[in-house]
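Everything below concerns the one structure shown next.
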Amino acid sequence: MAEVLAWLATQPLITLFIAIGLGTTVGRISVMGVRLGASAVLFVAIVLSVFASSYGISLELPEIIGQLGLAVFAFTIGVVSGPSFFHGLVKSWPWLVALAVTLCVAAFTARVIGPLLGLDAHTIAGTFAGTLNSTPGLAAAGGGPSATVAYSVTYLIGVVAVMIVMDVLLQRRARDQDAPPELFERAIRVERHDSPQVSELLAQHGDEVCFVRLSRSAEAPQVVVRPDDALPQGAIVNVVGPADRLEAIARELGHVSHYRIAEDRRSLDVMRVTVSDRGIAGRMIQDLDLERRFSATISRVRRGDVDMAGTADLVLRLGDRVRVIAPKRRMQELTEFFGDSSRGLSDLNPVLLGLGIALGLALGTVPLPLPAGGTFTLGAAAPLVLGLILGRNGRIGPLLTAMPHTAATVLTDLGLMLFIAAAGVRAGGHLLQAFESDLWSRIALLGIILVATMLTTSLILIRWLGKMGRTRFAGLLAGLQTQSSLLAFGNDQTSDDARVALGYSLAYPLSMIVKVFLAAVLASV
């Protein structure tokens, strides 16, 4: 065995892919309904590294591997989460304030309890960075021997404790109130005498519903609905949206009709097409002017496994599957207009990927001043922040700043596994050394106190007082830890529920910056 491990020490790429292959295999094993998923790569890499260290062999991966994986992961998760992140940011600022308070409480606890356990400032700062899984925080703490030992002892404590809490949260996610609403389709008969305009109804419900077809009577030909259309008494209008919104519109206009307007294809037909034309991706549905150009409309958009109503302000992305309603004679034109190519599902958008990550990494090297003296850099937080900004609108002039959901998911998973495999091998290499120190038990005790403090404070301030749903809060905990393996665990447990990534991207940038700042302060006081 020693010969095999010695050989692996000279073959870092083979070591990397053994950790990824074994880790993903272990991650598929279900124990009491729980699977680690891709996050198992971290634990397998640590075990492999510790096992080699027991023979006096050091397994090391080139630092560039972890940096590459983290950059790709952070940037693509930002691009995918950008629209949802900024859409909810106005409502999210109380959560961000609570997150900063949570980290400050944890740092204050470390500063008070650490000296009582006989730990010096650098060991306390390393314990804080390790428990909260902040490698940049370790660097801000000086990265010396005492800080590195403390970081190695407490790293797994933070990962395992948060993973247990996430599992409890996600097992109960069915009770969440912030789940994306299921979409329904209703035919509504108008009984009002004042012929209300569609634009008036959109002003009240337009962010969640889509008016699709209109028939002046059951015998009249159907037309696609335009915002300036009036709804005369006796007309039947087809509406897509959440059940509660449809009920409200039905009460406001008249009542739900038994006429199956969506099944009547004498005048209008329906088809699903894939958005693969780059000229369309990154634009809002209303900017396509489908009503005037094709007498058509979009009723639904399917992105990944999520259906969304085709509202006017929805930004389309490469790989989206749109449900188009139009006259039969215009269907071929619409197919050519959207592209309808499967290539749209896997286009990596290399221009965005290359230039975006390069700019993000460059921004991450810019030194920023600390109030206590010295500087710090955003590091991996910079590509994430830039990805969020670029992904917000999906287009900057002629440059497409979005990626198909499928391609982004593949890149995110690849970057994730590269990073956590490298992080696991690095942490495992220091673990035996850490346990040779007589301080390890006191360091571990402080780590347990810190992670308990962090979890308790965040549960009170964000989950209960802030009323954040369980699924998004689980993702926020992964982002608060700036721990991509926890995001992988959450995604695996929820089949890639978008709320997990949204919570992660909400917390990650601020958490990264605040932890670096607090680790530097702890090391200097």
Give me the Å³ per residue figure for the convex hull around the C-alpha atoms of the chain.
156
Which one of 448, 162, 190 has its Cα pushed farthest toward the positive end of the charge dipole of the chain, where Lys and Arg give +1 and Asp and Glu give -1 at the Cβ?
190
Under a plain spin-label model, where a point goes 7 Å from the Cα along Cα-to-Cβ, how far apart in nm are residue 312 and residue 117?
5.8
Heavy-atom accessible area ranking, 1.4 Å probe, most first, across 450, 432:
432, 450
Hey, can you find the accessible area per residue of the chain for me, probe 1.4 Å, expressed in square angstrom?
43
For a paramagnetic label modelled at 7 Å from the Cα of residue 220 toward its Cβ, which residues of region 256-290 fall within the zone defined by backbone nitrogen distances under 19 Å?
256-269
Using the crude model of +1 on Lys and Arg Cβ and -1 on Asp and Glu Cβ, and no other charge, please compute the dipole size for the chain relative to its Cα centre, in debye to 20.
520
Going from the alpha-carbon gyration tensor of region 231-300, what semi-axes, largest first and in whole Å, does one get by taking the root of 5 times each eigenvalue?
27, 15, 12
Roughly to the nearest percent, how much of the accessible area of the chain is carbon and sulfur, given a 1.4 Å probe?
61
Can you give me the Cα centroid spacing of region 408-437 and region 260-331 in angstrom?
43
For the residue 228, residue 460 Cβ pair and Förster radius 45 Å, calculated FRET efficiency rounded to 0.05 is 0.35
Can you give me the long-range amide H partners of residue 213? Hydrogens built in the peptide plane at 1.01 Å from N, cutoff under 5 Å, separation of 5 or more residues or another chain.
225, 238
Hey, what do the phi angles of region 396-401 turn into as Karplus ³J(HN,Hα) couplings, whole Hz, using 6.51/-1.76/1.60 and θ = phi - 60°, x for Gly and Pro?
10, x, x, 8, 7, 10
So between residue 293 and residue 199, what do we pick up on full extension, going 0.36 nm a residue minus the alpha carbon distance?
31.9 nm
Formal net charge of residues neighbouring residue 104 (Cβ-Cβ distance under 12 Å; K, R +1; D, E -1):
+2
Could you give the spread of the C-alpha atoms of region 261-302 along their three principal axes, from largest to smallest, in whole angstroms?
32, 22, 13
Per residue of region 73-83, in order, report the coupling 6.51 cos²θ - 1.76 cosθ + 1.60 (Karplus, θ = phi - 60°) as ³J(HN,Hα) in whole Hz, putting x for Gly and Pro.
4, 5, 5, 5, 5, x, 4, 5, 8, x, x
Search the structure for amide H atoms under 5 Å from the amide H of residue 320, placed 1.01 Å from N in the peptide plane, and list their residues when 5 or more places away or on another chain.
275
Neighbour cut-off at most 11 other Cβ (10 Å), DSSP loop, GluC sites (Glu not before Pro), region 203-285:
219
Using alpha carbon centers only, region 505-525 is separated from region 48-86 by a whole-angstrom value of 19
Please name whichever of 522, 274, 462 sits farthest to the positive end of the charge dipole of the chain, dipole taken about the Cα centre and charges placed at Cβ: Lys and Arg +1, Asp and Glu -1.
274
Please go through region 414-494 and write out the trypsin sites (Lys or Arg not before Pro) that DSSP classes as loop and that have at most 16 other C-beta atoms within 10 Å.
467
Exposure ranking of 170, 348 by accessible area [1.4 Å probe, largest first]:
348, 170
Diffusion constant of region 388-455 at 25 °C, which comes from Stokes-Einstein with the Kirkwood Cα-pair radius and 0.890 mPa s, µm²/s:
152
Which whole-Hz ³J(HN,Hα) couplings does region 363-368 yield from phi under the Karplus relation 6.51 cos²θ - 1.76 cosθ + 1.60, θ = phi - 60°, glycine and proline marked x?
4, x, 9, 6, x, 10
Quick check of the Kirkwood formula: for region 480-525, what is the inverse mean of 1/r over all pairs of different Cα atoms, in Å?
11.6
Please give the contour-minus-distance gain from residue 58 to residue 368: 0.36 nm per residue of separation, less the Cα-Cα distance, rounded to one decimal in nm.
108.1 nm
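The values are calculated or read from the model by the stated rules, or taken from the named source; none is laboratory data. These numbers were taken from a predicted model, which means no experiment stands behind them. Here Cβ is always computed from backbone atoms with ideal geometry, including for glycine, and neighbour counts include all displayed protein chains. Surface accessibility is based on the protein's heavy atoms, side chains included, excluding ligands, DNA and RNA. Shrake-Rupley method; radii C 1.70, N 1.55, O 1.52, S 1.80 Å.
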